[in-house]
Amino acid sequence: MRIGELARRTGVTTRALRYYEEQELLTAERSSSGQRHYAEAAVDRIRVIRQLYAAGLSSKTIAELTPCVVDGRATPELLRRLAVERDHLDRHIADLVDTRDRLDSVIAGASATLRTGAPCRRDTTATSPESR
């Protein structure tokens, strides 16, 4: 399929597809006139690439991981890298959950203020003499 069709089927721009090629995340055959032609498997590969980008991985890391994810090739080093990336995501998720919980606390305090008319509680630890 040509680049426009792949873009339409995957929901990414043609510019993104060219970038994926530059980063060696995707390959295309070239016609005699230079047009890109992609195999059907490129649709699934793009979906995997997008999921990994959404998870916060860099294009370099994705390039290192996609042979296993897409083609099923694995090495001990690759398994180690996958575990490292998973651990990184776990830490990021824990940080996001903590941030959400803090925001929930602020929302609860603001809701109480709205109901009671009492002023918002200040965090006095930031202005205490010990923190200066």
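Read-outs: derived from the displayed coordinates by stated rules, not from any lab. Everything numeric in this text was worked out from a predicted model, so none of it was measured. Every residue, glycine among them, receives a Cβ derived from its backbone with ideal geometry; neighbour counts consider all protein chains shown.
Cα-based Rg of segment 1-72 per 2.2 N^0.38 Å, rounded to two decimals?
1.05
Based on the Cβ-Cβ distance from residue 50 to residue 87, what FRET efficiency comes out when R0 is 25 Å, to the nearest 0.05?
Efficiency at R0 = 25 Å is approximately 0.70.
Where does the chain land on Rg(C-alpha)/(2.2 N^0.38 Å)?
Computed over Cα atoms of the chain, the ratio equals 1.68.
State which helices in the chain qualify, where a helix is a whole DSSP H run, it must extend 30 Å or more along its own axis by its Cα atoms, and its mean Kyte-Doolittle hydropathy must be at least -1.0.
76-116
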